[in-house]
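Data first, discussion second: the structure below is written as structure tokens.
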Amino acid sequence: MYDAVANFLRTSHTCLLLVHLQIHRLEDAADQLLSTYGWPRLSVGQELCDVLLSEMPQHRSRAARRWMPARLGEMSSGPVLCTEIDLLFDPTLDLDPLRLLHDVSRVSRIVVAWPGSYRGDVLAYAVPEHSHYRTWRKPEVPIIVLE
């Protein structure tokens with residue numbers, strides 16, 4: 001993982017996904033990166049939930065799209081480690097989480113703990129049995145599949 005992260009840091013890419021199905025493996029990797037690099041951490045679900053609770057349901061999608069770049073802009077030019085991204089996949093928000101993360105990485109470089117899989121050229125969120133399961137073919141973002 002460290003070699004792949006070092007390669008990412010030397011490139012012009014602005015978004016990197018760390019992918020694994022097991023949440024505890026993603027948390028371990030996040031903790032390792034935090035202790036090694038000292039990057040700021042954004043717990044997306046936790047912070048975004050607080051924002052969305054004050055919004056009317058019909059305005060939550062727009063609020064999420066506005067909040068993320070504003071929050072990253074407050075934090076650092078990056079990299080920022082983004083964890084707990086599950087809320088972005090809630091169907092009521094009508095977001096494309098991969099597109100949103102790619103777009104907000106223009107504000108600050110991000111490394112994202114992505115709970116899912118990457119096989120062949122297909123990136124998945126969750127498992128097929130999960131109600132919010134989604135896939136993307138040929139995502140245009142660097143990906144590290146954690147062991």
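Results, tabulated for the structure shown:
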{"item": "Qualifying residues in segment 100-119 (those that are among the aliphatic types (A, V, I, L, M) and assigned to a helix (DSSP H, G or I)) - the one nearest to GLU74 (Cα to Cα)", "result": "VAL104"}
{"item": "Looking only at segment 1-54, and only at residues there that are more than 16 Å from LEU87 (Cα to Cα), out of contact with any Lys or Arg (no Cβ under 8 Å at 6 or more places or on another chain) and among the small types (Gly, Ala, Ser), the one that is surrounded by the fewest Cβ atoms within 10 Å (Cβ to Cβ)", "result": "SER12"}
{"item": "Evaluation of GLY78 against (1) within 19 Å of ARG109 (Cβ to Cβ); (2) in a loop (DSSP other than H, G, I, E, B); (3) more than 15 Å from the chain's Cα centre (by Cα); (4) not β-branched (Val, Ile, Thr) (one fails), failing number", "result": "(3)"}
{"item": "Among residues of segment 120-146, those that are part of a loop (DSSP other than H, G, I, E, B), without any contact (Cβ under 8 Å) to a residue 40 or more places away in the chain and either under 21 Å from ASP3 (Cβ atoms) or among the aromatic types (Phe, Trp, Tyr) (or both), counted", "result": "1"}
{"item": "Flag for PRO69 being within 21 Å of LEU9 (Cα to Cα), touching a helix residue (DSSP H, G or I) at 6+ places or on another chain (Cβ under 6 Å) and not hydrophobic (A, V, I, L, M, F, W, C)", "result": "yes"}
{"item": "Residue match in segment 34-47 (condition: closer than 17 Å to PRO115 by Cα, part of a loop (DSSP other than H, G, I, E, B) and either at pLDDT 95 or above or charged (D, E, K, R) (or both))", "result": "no"}
{"item": "Selection from segment 60-86 of residues that are out of contact with any strand residue (DSSP E or B) (no Cβ under 6 Å at 6 or more places or on another chain), more than 18 Å from TRP136 (Cβ to Cβ) and touching a residue at least 40 places away in the same chain (Cβ under 8 Å)", "result": "GLY78"}
{"item": "Counted residues, segment 102-122 - those being within 16 Å of PHE89 (Cα to Cα), surrounded by fewer than 22 Cβ atoms within 10 Å (Cβ to Cβ) and of a type in the set (A, V, I, L, M, F, W, C)", "result": "0"}
{"item": "The one condition in (1) of a type in the set (Asp, Glu); (2) in contact with a strand residue (DSSP E or B) (Cβ under 8 Å, 6 or more places away or on another chain); (3) surrounded by fewer than 21 Cβ atoms within 10 Å (Cβ to Cβ) that ASP94 fails to fulfil", "result": "(2)"}
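For (1) assigned to a strand (DSSP E or B); (2) at pLDDT 95 or above; (3) more than 13 Å from the chain's Cα centre (by Cα), each residue gets a yes or a no:
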| residue | (1), (2), (3) |
| --- | --- |
| ALA6 | no, no, yes |
| LEU16 | yes, yes, no |
| LEU26 | no, yes, no |
| ARG62 | no, yes, yes |
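The values are calculated or read from the model by the stated rules, or taken from the named source; none is laboratory data. For clarity, every value in this text was computed on a predicted model and none was experimentally measured. Glycine also receives a Cβ, built like all others from the backbone with ideal geometry; neighbour counts cover every protein chain displayed.
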